[in-house]
Amino acid sequence: MIKAIFSTILISAFYYAQAQPHGENHDARLGYIEWTAHYNLGWNDFQGKPGLEAIGDAGTAVAIKANPYMVKNKISYHVRALFIKTKSWYRDQSPALLAHEQLHFDIAELYARKARKKIRELSLAGIKDLKVYNREIQKILNESNATDQRYDTETLHGAMVKKQKEWTDWVKAELQSLQQFKGQHIDI
């Protein structure tokens, strides 16, 4: 089961807001799904079409968005792991392939949590410069891309069952160890 993975990692520009950004959303009208522990992807979530250069059985597009915002002179970050429905596609369906694709989404959440943790650490160190935050977040997003590629390589895109289980167990344990950073909003 060879497939292509598209990983889009974004840091949005600083913006001001008077209220908190929207929370978790699985609205069918949106082109994305925000990661939650209570939602597993289904094939109906894969609404894109493979491009001419696409190879394999499925492609998952994920993004990690880290948006700084200000409410009442207090800077916060809204960090989300997103599954991009309109850029995710499949040619074949199987429970094993869907589980492999779900883990790409789970890896995005893992690195979103690592970004939230880093934001908290910088805040506790008294750092106020957003350039420092964005630079450190970008390092984590680069690690996320490398991990995602290593995941596909080591599991042969999910075909190596034993390696797939090892990765599933590792991601699950890492998510659990970062449980305190599952919330999307971090105050500086």
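Computed values, structure above
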read-out: Counted residues, the stretch 62-75 - those being of a type in the set (Ser, Thr, Tyr) and surrounded by 20 or more Cβ atoms within 10 Å (Cβ to Cβ); value: 0
read-out: The stretch 26-61, residues that are surrounded by 13 or more Cβ atoms within 10 Å (Cβ to Cβ), of a type outside the set (Phe, Trp, Tyr) and under 14 Å from the mean Cα position of the chain (by Cα); value: Ile33, Glu34, Thr36, Leu41, Thr60, Ala61
read-out: Lys117 exposed (fewer than 13 other Cβ atoms within 10 Å of the Cβ), of a type in the set (D, E, K, R), in a helix (DSSP H, G or I) and modelled with pLDDT of 95 or more; value: no
read-out: The stretch 120-129, residues that are assigned to a helix (DSSP H, G or I), at pLDDT below 95 and surrounded by fewer than 15 Cβ atoms within 10 Å (Cβ to Cβ); value: Leu124
read-out: Residue in the stretch 133-151 that is of a type in the set (D, E, K, R) and touching an Asp or Glu at 6+ places or on another chain (Cβ under 8 Å) present; value: no
read-out: Given (1) more than 26 Å from Tyr90 (Cα to Cα); (2) touching a Lys or Arg at 6+ places or on another chain (Cβ under 9 Å); (3) part of a helix (DSSP H, G or I), index of the condition Ala173 fails; value: (2)
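The values are calculated or read from the model by the stated rules, or taken from the named source; none is laboratory data. No experiment lies behind these values; they were computed from the predicted model shown. Cβ sites come from the backbone with ideal geometry, for glycine too, and all protein chains shown count toward neighbours.
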